[in-house]
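Report on the following structure.
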Amino acid sequence: AKTDLLIKRENLNNSKVNLELARTRLNVGSASKSDVYRWESEVAIAKQQVVTSETTLLAAKIQLNNLLANTLEPDFEIEDVTIDGELFNEFFEDEISRFIQTPIDFIKISDFLVQESLKNNPNKKVLLENVKVVERQKAQNQRLLFAPVVAVQAQAGRILNVGGVGSTAEEGFNLPDNQWQVGLSLSHPIFQGFARRANLQKTIIQRDQLAYTEEQLDQQLELQVRTSLLTALNASTNIEFSKVASDNAIANFGLVQNGYKEGRIIITQLIDAQEAALNAQLNYALSVYDFMQAKLQVEFALGFFSMLSSPEEKLDFSARFQEYINTND
């Protein structure tokens, strides 16, 4: 959004310059009033585009701050990403980017990253933990289905003191002071057994549901990795071509603008050149962010963000990748 705003502001300044050129040509009699009207219209359109870009940028900053629990200052600034900047080079020169240049290497890196995502994606890990819980519940319910109910009961008592009529035994009899009893019961309730069978069936259904969810998640992760890599591949090639197109379009606009100033170029040619330069600049800027966005989508599927990882984690990832490449050559 910020890059779009900067380009739109540059386009507005170009339209203002062209308006002044049209007025100068009108004063010297080399252009008609229609040129001035046309450029006044172009300036108004460019101003509206700037206003739209400003509001879009403001909305994006508010949303970003909200996602970060409003930890940023209200007027925080955003650093632009350029192809010669440190951040872009970190994305563009890592091992993943280097292996999406040829079809064979692209297949290798795709297979490896799919394998990594199926093992390390946070959502997959949570799902596998849920599977373990259901498996334990299923095993417990299977044991309960056939296990009887065993009850053990014991009781003991001691008479500390007695007195009164009948408290003493007749001659030849003995009244015990200690009393105890022990009981053991073994049962298998039929109706409770039905409930146990229902619980077992419930855990089986839950396990099947998780199996379907796991299969669906695996398919989604593979799709996300492969499509994001294709997007990154397309964006990486588009960066070079769009940069050439942008540089040439800007240079052409400068020549046409100078020709319009000298009266050798008509207004429609200048408008076309300016529009072409604007679109070429926007396409170039978007190609840079498209590439970075695609790379982040890949890392999101992996559960591994290179920007947030320690040097040890990066080395561990590189070692796994090299091992995969060596064993699959």
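Quick note: the coordinates plus some simple rules give every number you see, no bench work behind them. Here the structure is a predicted model, which is why all the values come from computation and not from measurement. Here the Cβ positions follow ideal geometry from the backbone for every residue, glycine too, while neighbour counts run over all protein chains shown.
Worth a mention:
- For the pair segment 68-99 and segment 193-231, the centres of their Cα atoms are 36 angstrom apart.
- Estimated FRET transfer efficiency (Ser32, Leu58; beta-carbon r; R0 35 Å; 0.05): 0.30
- Once the Cα atoms are used to define both axes, helix 103-120 deviates from the longest principal axis of the chain by about 40 degrees.
- For the set Lys2/Lys108; Lys108/Lys314; Lys61/Lys295; Lys108/Lys295, the pairs lying more than 26 angstrom apart at their alpha carbons are Lys2/Lys108.
- Three-way shape call for segment 1-98 based on the alpha-carbon gyration tensor, with the a/c threshold at 1.5: oblate
- If only the Cβ of Lys and Arg carry +1 and only the Cβ of Asp and Glu carry -1, the dipole of the chain around its Cα centre is close to 1100 debye.
- For the chain, calculated [θ]222 nm from helices alone, where every DSSP H run of n ≥ 4 adds -39500 (n - 2.57): -26000 deg cm²/dmol
- Note on segment 245-329: dipole from Cβ charges, positive end direction compared against Leu255, Ser306, Ala276; the farthest Cα belongs to Leu255.
- Candidates Val182, Val17, Val36: whichever shows maximal mean-square fluctuation once the chain is modelled as a Gaussian network with Cα springs under 10 Å: Val182
- Inter-probe distance in nm under a simple model that places probes 7 Å from Cα toward Cβ, at Gln269 and Trp180: 11.7 nm
- Ordering of 116-123, 154-161, 60-67 by packing [mean C-beta count within 10 Å, highest first]: 116-123, 60-67, 154-161
- Annotation: aspartates and glutamates with alpha-carbon distance below 19 angstrom to Lys202 (same-chain offsets under eight excluded): Glu129, Glu135, Glu214.
- Listed values [x] 1.94; [y] 1.41; [z] 1.08, entry calculated as Cα Rg over 2.2 N^0.38 Å: [x]
- Dipole of the chain, positive end: most advanced residue of Ala245, Leu113, Ala44 [Cβ charges, Cα centre]: Ala44
- Whichever lysines have a C-alpha closer than 25 Å to that of Lys261, once near sequence neighbours (fewer than 8 apart) are set aside: Lys8, Lys16, Lys33, Lys47
- Mean Cα-pair separation over length for the chain, i.e. relative contact order, pairs under 8 Å, 6 or more apart, %: 22 percent
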